[in-house]
Amino acid sequence: MSTIKGQHARHRLDPLIHAPVRLSIIAALAGVDEAEFGHVRDAIEVTDSALSKQATQLESAGYVKIRKGYVGKRPRSWLSLTPAGRTAYTTHLQALRTIADELGTIAITV
């Protein structure tokens with residue numbers, strides 16, 4: 001474990017995707033090429049407006065692509081991770097695992 005300032009794994013956590021709803025969106029998209037908006041909404045148990053707001057923030061960061069279209073005459077939206085989003089998610093998970101693994105082995109004495 002490094003003692004150099006700034007080397008702790010927490011510095012690799014992405015504050016944009018660390019928020020619970022945004023992390024849930026990215027995790028839901030990580031295993032698929034694309035997911036329909038309603039499916040993601042139901043899977044992560046949020047409202048339409050909450051998903052829309054958080055997905056838009058992820059899209060602005062370049063982590064999520066939002067595609068709009070129609071199924072018949074009904075408007076639909078599909079979400080997918082961009083390559084940058086996949087990289088950010090992988091890096092974030094690795095940092096969380098490192099924190100849990102390294103700090104979980106420290107003996108705490110009282």
What nm distance separates the two modelled labels at Val32 and Lys65, each placed 7 Å from Cα along Cα→Cβ?
1.6
Which whole-number percentage describes the relative contact order of the stretch 14-103, with Cα contacts under 8 Å and a sequence gap of 6 or more?
31
Measure of size requested: the Rg and Dmax of the chain, with Cα atoms as the atom set and Å as the unit; please supply both.
17.1, 66
Sum of -39500 (n - 2.57) over DSSP H runs of 4+, divided by residues of the chain (222 nm, nearest 500):
-16000 deg cm²/dmol
Please give the helix 48-60 orientation as an angle from the longest Cα principal axis of the chain, in degrees from 0 to 90, rounded to the nearest 10.
70
Equivalent-ellipsoid semi-axes of the stretch 59-108, from the Cα gyration tensor, Å, largest first:
39, 11, 6
Length added when fully stretched, Ser49-Thr87, from 0.36 nm per residue minus Cα-Cα
11.0 nm
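Each value in this text was obtained by applying a stated rule to the coordinates, not by laboratory testing. Nothing here was measured: the structure is a model prediction, and the numbers come from that model. Positions of Cβ are generated from backbone atoms using ideal geometry, with glycine treated the same way; all protein chains shown enter the neighbour counts.
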